[in-house]
Amino acid sequence: MHKRTDCDPTEGTFDVVAVPGFATATVAVFFVKRDLAVDGAVDHSVVEDIISTLRRSDPDGVTR
């Protein structure tokens with residue numbers, strides 16, 4: 001990761017999830033960036049919580 005200032009994180013992870021399309025999209029790709037080696041860095045369980053909220057919807061806007 002590119003460091004711009006002294007307080008920028010020097011480590012990080014990206015979780016990438018590709019799922020079947022939402023509404024009219026063929027595929028939806030989601031990226032979650034997590035900084036490491038900084039005060040207050042979130043645990044990986046937070047990323048899992050974010051990803052677990054993804055829900056497929058149909059073109060009529062009904063969430064399944």
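For this structure, a couple of remarks:
- Extension gain, Thr10 back to Val32 (0.36 nm per residue minus Cα-Cα distance, nm): 6.2 nm
- Counting only heavy atoms of the protein chains and using a 1.4 Å probe, Thr13 has close to 40 Å² of accessible surface.
- The largest accessible area among Arg55, Arg34 belongs to the first residue in Arg55, Arg34, and the rest follow in falling order (1.4 Å probe, all chains).
- Accessible surface of Ser45 - all protein chains present, 1.4 Å probe, nearest 10 Å²: 50 Å²
- Heavy-atom accessible area, probed at 1.4 angstrom with all protein chains present, ranks Val46, Val16 as Val16, Val46, highest first.
The values are calculated or read from the model by the stated rules, or taken from the named source; none is laboratory data. The shown structure was predicted, so the numbers you read here are calculated from the model rather than taken from an experiment. With ligands, DNA and RNA removed, areas are computed over all heavy atoms of the protein, side chains included. Shrake-Rupley method; radii C 1.70, N 1.55, O 1.52, S 1.80 Å.
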